[in-house]
Amino acid sequence: MTFMRDIRMAFLVAVAASALTGAILRAGVGFDDANITMNYAENIAHGHGYVYFVGGERVEGSTSALWTAINTLAFSLFGRAEVFLALLGFCLGAGTVLVTMRIARHIADLAGHDGGAAAAAACLTFLAFPTFWGWAVWSYMDVTLWVFLNALAFLLLLKLPASSGSRSTAGFIAVLVLVAFCRPEGVAAGLGFSGLAVLLVWGDDAWRALRTGAVSGLAVLVAVGALTALRLSYFGVPVPNTFYAKVSTSYLDQLAYGFYYVWTFLFHPLNAVLVLGFLAALPVGLRTGGGFLRAFLAALALVLAGAAMYAVLGGDHFGGHRFLQMFLPLMIPFAILPVLSALGWVDARLSGRLPVHAVAAGLAILAAWSAYIRNGGYLWRELLIAREGREVGQRLNAYPGTPSVGIVAAGGISMTYDGPIYDLMGLNWTKMAMAGRDHTGRPKNHGGFDRDVFFEELPALIAPALGGCDKEAVQSRRTLEIVLQDLLRDPRFTSLYEFECLNDVGFFRLKDLPSPQDG
């Protein structure tokens with residue numbers, strides 16, 4: 001009965017939050033990076049192979065093998081993926097809330113608190129994090145699957161000490177295998193959960209603890225080994241091409257970006273409140289001891305390890321700290337306990353004259369959504385880039401012969417343009433990604449451009465922009481100046497390319513390529 005009540009609450013919160021974020025973001029096509037994954041999936045579903053454009057090289061420009069497989073299934077069954085991905089994102093977002101509620105019940109029981117109140121508070125807390133819903137439902141990216149799988153793994157981890165059955169262990173191992181398939185860093189997450197399983201179960205049954213940790217860790221390594229072998233045989237490299245394009249060999253520069261990424265997460269007001277509430281649960285654990293303390297330390301270890309891992313990888317350029325969304329299911333169940341205790345103390349002093357819990361929740365949710373309405377979680381731009389990219393691709397199809405295009409924002413255009421596309425940041429172009437990987441001083445995640453590789457290939461059309469029939473305006477776009485190192489003003493470039501405009505799309509074309517106006 002309580003499980004069905006939790007499902008209803010999670011569903012209602014997911015409906016409300018998804019609808020509001022969708023309206024604010026004017027969602028519908030997903031983020032530009034999501035369009036890249038959809039493009040690969042469409043090519044795979046149509047029998048062209050794991051390629052960025054039909055006839056192109058094999059290149060893994062979509063980071064998540066599992067999410068690409070899900071996208072491919074959507075194209076195979078329905079011909080399109082957008083509606084399917086939105087519905088799946090909604091289900092996984094609601095599932096994350098439900099799993100967090102179950103964690104909160106378990107944690108509250110261990111601490112001697114009201115499990116029902118903890119579950120309800122955990123559910124409502126997700127209303128104060130609209131950015132989570134922007135990522136989960138409307139990005140169409142693997143974030144929602146990654147967060148859900150890690151949350152579910154944590155719940156199953158906490159249940160292991162009290163369950164000696166093989167089914168619970170098998171479920172835990174199965175989820176860890178999916179975590180390993182979800183993202184390349186899944187191997188670290190899977191092994192981390194395996195190690196924590198040993199620590200949590202050791203006090204009850206040392207032999208079962210060692211067996212569970214060894215089997216789950218081995219399963220993760222076998223899964224990653226099989227996936228790596230497939231990558232080596234098909235692509236010739238052990239990890240996705242996006243790693244080479246994004247991760248710099250200038251490790252100090254990379255680390256500086258990564259620590260700044262974690263720092264900005266910690267000092268966002270709502271995140272700071274969440275972190276302080278989470279840390280305030282430590283005295284509860286020290287006082288309570290036993291299962292609660294072990295659970296808290298496990299969550300703390302996962303949070304610290306996750307922060308360190310993404311700091312080493314250099315963080316991320318997207319708004320809303322997508323990689324750190326996985327912290328919400330880990331911290332919310334603990335953070336709500338000291339908050340509920342504090343609100344209960346205030347309520348007792350007021351003799352129940354004011355609905356303190358409701359007022360506090362309302363103020364937190366109102367503050368979060370008022371900020372989100374103003375800035376959209378800094379996610380508006382990602383949707384706009386995808387929409388404009390699709391429009392550019394459709395208009396460029398009018399160019400005779402569909403010549404090759406060199407582009408920076410490579411997702412939306414890949415869904416509509418019929419000719420070859422070269423990703424100038426290297427995310428979907430192996431040679432570009434592998435060259436010049438010292439990204440010192442370059443934009444985070446956008447440092448893969450190499451001038452020598454560009455001049456070897458010479459794509460026919462360069463940097464198309466919607467509504468950009470002003471040559472100077474196109475050349476002066478700050479993003480292109482930084483990402484392409486002012487390529488458009490390079491004397492070699494200007495000797496080979498000239499400005500052109502077609503259907504209100506401005507771009508540079510090779511001078512020996514016939515102008516579309518000639519026809």
Exercise. Could you list, in sequence order, the residues of the stretch 362-394 that are charged (D, E, K, R), over 25 Å from E60 (Cβ atoms) and crowded, with 17+ Cβ neighbours inside 10 Å?
Worked result: R387, E388, E391
Exercise. Can you name the condition, by its number, that A460 falls short on among (1) in contact with a Ser or Thr (Cβ under 8 Å, 6 or more places away or on another chain); (2) within 29 Å of S248 (Cβ to Cβ); (3) at pLDDT 90 or above?
Worked result: (2)
Problem set entry | The lone exception for G291 - which of (1) in contact with a Pro (Cβ under 8 Å, 6 or more places away or on another chain); (2) open to solvent by 30 Å² or more (accessible area, probe 1.4 Å) it fails | (2)
For this session: Kindly establish whether L328 is surrounded by 15 or more Cβ atoms within 10 Å (Cβ to Cβ), over 17 Å from the mean Cα position of the chain (by Cα) and either of a type outside the set (S, T, N, Q) or over 20 Å from I365 (Cβ atoms) (or both).
Result: no
Seminar exercise, completed: Residues of the stretch 476-519 being part of a helix (DSSP H, G or I), under 21 Å from A386 (Cα atoms) and open to solvent by less than 20 Å² (accessible area, probe 1.4 Å), in sequence order, are L480, V483
Exercise. Hey, does the stretch 448-462 have a residue that's closer than 30 Å to Y261 by Cα, open to solvent by less than 20 Å² (accessible area, probe 1.4 Å) and touching a His at 6+ places or on another chain (Cβ under 8 Å)?
Worked result: yes
Exercise. Which condition number in (1) at negative phi; (2) surrounded by 22 or more Cβ atoms within 10 Å (Cβ to Cβ) is the one that G314 fails?
Worked result: (1)
Exercise. Could you say which residue among G95, G112 is open to solvent by 20 Å² or more (accessible area, probe 1.4 Å), closer than 30 Å to S341 by Cα and small (G, A, S)?
Worked result: G112
For this session: Could you list, in sequence order, all residues of the stretch 37-56 that are of a type outside the set (D, E), open to solvent by 10 Å² or more (accessible area, probe 1.4 Å) and under 25 Å from the mean Cα position of the chain (by Cα)?
Result: T37, N43, I44, A45, G49, Y50, F53
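R231 - would you say it is in a helix (DSSP H, G or I) and farther than 25 Å from T144 by Cβ?
Criteria not met by R231.
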For this session: Considering each residue of the stretch 415-437, count those that are closer than 25 Å to L232 by Cβ and either touching a Gly at 6+ places or on another chain (Cβ under 9 Å) or part of a loop (DSSP other than H, G, I, E, B) (or both), and give that number.
Result: 14
Problem set entry | Residues located in the stretch 126-165, provided they are within 19 Å of H106 (Cβ to Cβ), within 12 Å of the chain's Cα centre (by Cα) and open to solvent by 10 Å² or more (accessible area, probe 1.4 Å) | F148
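Among T264, T242, T228, which is buried (at least 19 other Cβ atoms within 10 Å of the Cβ) and among the hydroxyl-bearing types (S, T, Y)?
T242
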For this session: Just give me the residues in the stretch 494-519 being free of Cβ contacts under 8 Å to residues at least 24 places away in the same chain, over 16 Å from S404 (Cβ atoms) and not polar (S, T, N, Q), in sequence order.
Result: E498, D518
For this session: Could you please tell me which pairs satisfy a Cβ distance under 8 Å, a separation of 6+ or placement on different chains, a first residue in the stretch 354-383 that is under 19 Å from I24 (Cα atoms) and of a type in the set (V, I, T), and a second residue that is open to solvent by 70 Å² or more (accessible area, probe 1.4 Å) and modelled with pLDDT of 80 or more?
Result: I365/L124
For this session: Quick one: count up the residues across the stretch 384-414 that are part of a helix (DSSP H, G or I) and farther than 23 Å from W429 by Cα.
Result: 2
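Checking the structure you have, find out if any residue of the stretch 499-507 is within 24 Å of G447 (Cβ to Cβ) and aromatic (F, W, Y). Spell out the reasoning first.
Taking the stretch 499-507 as the starting set, the residues that turn out to be within 24 Å of G447 (Cβ to Cβ) are 507.
Okay, now just the ones that are also aromatic (F, W, Y), so 507.
Yes; the residues of the stretch 499-507 include at least one that is within 24 Å of G447 (Cβ to Cβ) and aromatic (F, W, Y).
Looking at the stretch 192-222, which of its residues are charged (D, E, K, R) and under 21 Å from L297 (Cα atoms)?
D204, D205, R208
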Problem set entry | Residues of the stretch 36-68 that turn out to be small (G, A, S) and without any contact (Cβ under 8 Å) to a residue 40 or more places away in the chain, as a count | 3
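The values are calculated or read from the model by the stated rules, or taken from the named source; none is laboratory data. As the structure is a computational prediction, the values presented were derived from the model and not from experiment. So basically every Cβ, Gly included, is an ideal-geometry build from the backbone, and we count neighbours across all protein chains shown. When the accessible area is computed, the model is the full protein with side chains, heavy atoms only, and any ligands, DNA or RNA have been set aside. Shrake-Rupley method; radii C 1.70, N 1.55, O 1.52, S 1.80 Å.
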